[in-house]
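J.: Before anything else, here's the structure in question.
The values are calculated or read from the model by the stated rules, or taken from the named source; none is laboratory data. Everything quoted here is computed from the prediction, not taken from an experiment. Note: ideal-geometry Cβ built from the backbone for every residue, glycine included; neighbour counts use all protein chains shown. The protein model used for the area step is the full one, side chains on, heavy atoms only, and it has no ligands, DNA or RNA in it. Shrake-Rupley method; radii C 1.70, N 1.55, O 1.52, S 1.80 Å.
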Amino acid sequence: MRFRSIVILFLAAQSYSSFAKGLEESGFTGVTETPSLHHHDDLQSLHRALKESESYYERLPSDWKIEFRKTSYDKKEMLKSIGQLRRIFQKRNPKQRKKELQESFEFLETADLQNGKITGYYEVIINGRLHPEGEFQYPILETPSDLIVKKETDGRRIGKIVNGNFVSYETRAELSDSSVWKSKTKAIAFVKITDLHLAQLEGSAVLQIRQRNPFRITYASDNGKEYRSPAESLQGICKSLIPSDLKYCIQEYPKEVKDAILQNPRYVFFKRESSAPRGSGGIELIPKRSVAMDPNIPLGIPALLTFDSPLLAESNRIVFVHDRGSKITGHGRLDYFLGTGKHAEEQAGRIQTQGRILLILPKK
């Protein structure tokens, strides 16, 4: 990623269109801002998110360091900055909060007016069976014992060889065949193909099985392939290309939707999770506080988020980089975690917009 910093004073929220004028297509701009804080429950979620970032840094090795924009930050500095944020947000006076934020932190905008995009993601609730049954034919698989992820660079395969062969599980179709995986891994459950697609896309799910208590599954590993959206071949076939709406389209076009999903080579393996949904680094995802961003942006750091969409708008919402995503890369790219269930699904599917993202870093 390329970085650029220009110090400007930004005292009041503006619309995105007016704010965007004059910005370069990508890069960082220093900005001072005031986060929005709302009711008691909102403050509770903020402190939970702060605690998750703090716990993440506490788990890191004592000599951990990261370089960001040619500036090095170590574990102690990041922990200190989280403590400073907590103390600042405990103050009731907005002017005092703003003053201390400006004194202690640097606000940097990440923006790309062509490729930057705010999207939403959520934890899906799906039904499953313990054995293949009717439409429930597709396994939720744990990580195979022989999984070796390979990457392709300049047409060359990079990876380990097992008995003369690369082991990576090339396609989704082969993993639908139990003879391929039954001696290497086990199925947690069997689900509909559209629900498997959703769970793998979102990275976690709550699984409901008859006469069993619901439980959570989360990302464990993948086969190293690039994600290909079913929408590429369903344009003009399905009325809506929102991933969660494929379950309606498959009723009318079962073969087309199934084939489109199977053409995606990326396959995600899962593990059972006893507690809350978790993102990268084992960080618990907090609804409307956790986000996924580019791997070059340090995990755990806070940011201010502003966007407008048909079902949800945020203005200077303080969020935290708690997750990654295979397609969440580049300037101005952010995936907003909205929680679990139907309401979160409705909101997430309809957030596809430009927005404003201001990273909050300790002043050096």
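J.: I'd like to check something: does the stretch 38-47 contain any residue that is under 24 Å from residue 347 (Cβ atoms), open to solvent by less than 40 Å² (accessible area, probe 1.4 Å) and either at pLDDT 90 or above or basic (Lys, Arg) (or both)?
T.: The answer is yes; a qualifying residue exists.
J.: Against the definition (at pLDDT 95 or above and farther than 24 Å from residue 176 by Cα), how does residue 140 come out, yes or no?
T.: no
J.: Filter the stretch 309-343 down to residues that are small (Gly, Ala, Ser) and over 23 Å from residue 222 (Cβ atoms), then give me how many there are.
T.: Residues meeting the conditions: 6.
J.: While we're looking at this one, here's another question. Given the structure, is residue 116 surrounded by 16 or more Cβ atoms within 10 Å (Cβ to Cβ), in contact (Cβ under 8 Å) with a residue 40 or more places away in the chain and in contact with a Lys or Arg (Cβ under 7 Å, 6 or more places away or on another chain)?
T.: yes
J.: Tally time: how many residues in the stretch 220-255 are over 24 Å from residue 347 (Cβ atoms), aliphatic (A, V, I, L, M) and either without any contact (Cβ under 8 Å) to a residue 24 or more places away in the chain or in contact with a helix residue (DSSP H, G or I) (Cβ under 8 Å, 6 or more places away or on another chain) (or both)?
T.: Residues in the stretch 220-255 being over 24 Å from residue 347 (Cβ atoms), aliphatic (A, V, I, L, M) and either without any contact (Cβ under 8 Å) to a residue 24 or more places away in the chain or in contact with a helix residue (DSSP H, G or I) (Cβ under 8 Å, 6 or more places away or on another chain) (or both): 1 in total.
J.: Now for a different question. From the set of residues in the stretch 317-337 that are open to solvent by 10 Å² or more (accessible area, probe 1.4 Å) and not in a loop (DSSP other than H, G, I, E, B), which is farthest from residue 53 (Cα to Cα)?
T.: The qualifying residue farthest from residue 53 (Cα to Cα) is 333.
J.: Which condition does residue 122 not pass, out of (1) surrounded by fewer than 18 Cβ atoms within 10 Å (Cβ to Cβ); (2) more than 20 Å from residue 54 (Cβ to Cβ), if it passes all the others?
T.: For residue 122, the failing item is (1).
J.: Another question, if that's okay. Out of the stretch 173-220, which residues are of a type in the set (Lys, Arg) and over 17 Å from residue 145 (Cβ atoms)?
T.: Once the filter is applied, which keeps residues that are of a type in the set (Lys, Arg) and over 17 Å from residue 145 (Cβ atoms), the stretch 173-220 yields 192, 210, 212, 216.
J.: (1) touching a Leu at 6+ places or on another chain (Cβ under 9 Å); (2) in contact (Cβ under 8 Å) with a residue 60 or more places away in the chain; (3) within 25 Å of residue 281 (Cα to Cα): which one isn't true of residue 316, the others all being true?
T.: (3)
J.: Have a look at 252, 273, 314 and point out the one that is acidic (Asp, Glu), over 20 Å from residue 49 (Cα atoms) and either open to solvent by less than 50 Å² (accessible area, probe 1.4 Å) or out of contact with any Lys or Arg (no Cβ under 7 Å at 6 or more places or on another chain) (or both).
T.: Unique residue meeting the criteria: 252.
Conditions tested, residue by residue: (1) within 23 Å of the chain's Cα centre (by Cα); (2) assigned to a helix (DSSP H, G or I); (3) crowded, with 19+ Cβ neighbours inside 10 Å.
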position: 179; (1), (2), (3): no, yes, no
position: 190; (1), (2), (3): no, no, yes
position: 194; (1), (2), (3): yes, yes, yes
position: 199; (1), (2), (3): yes, yes, yes
position: 207; (1), (2), (3): yes, no, yes
position: 211; (1), (2), (3): no, no, no
position: 216; (1), (2), (3): yes, no, yes
position: 219; (1), (2), (3): yes, no, yes
position: 229; (1), (2), (3): yes, no, no
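J.: Quick one: what pairs do we get from the stretch 203-219, first residue on the phi > 0 side of the Ramachandran plot, second open to solvent by 80 Å² or more (accessible area, probe 1.4 Å), C-beta under 7 Å, 6+ apart or different chains?
T.: So the pair list comes out as 203/219.
J.: OK, next. In the stretch 69-97, which residues are within 21 Å of residue 51 (Cα to Cα) and either surrounded by fewer than 15 Cβ atoms within 10 Å (Cβ to Cβ) or of a type in the set (D, E, K, R) (or both)?
T.: 74, 75, 76, 77, 80, 83, 86, 87, 90, 91, 92, 97
J.: Let me ask something additional. Could you list all residues from the stretch 281-315 that are charged (D, E, K, R), farther than 14 Å from residue 351 by Cβ and not in a strand (DSSP E or B)?
T.: Correct list: 289, 294.
J.: Which is polar (S, T, N, Q), under 21 Å from residue 133 (Cα atoms) and modelled with pLDDT of 90 or more, of 208, 263?
T.: It is 208.
J.: Within the stretch 338-364, can you find the residues that are among the polar types (S, T, N, Q) and either within 13 Å of residue 304 (Cα to Cα) or in a strand (DSSP E or B) (or both)?
T.: Hits for the stretch 338-364 are 340, 352, 353.
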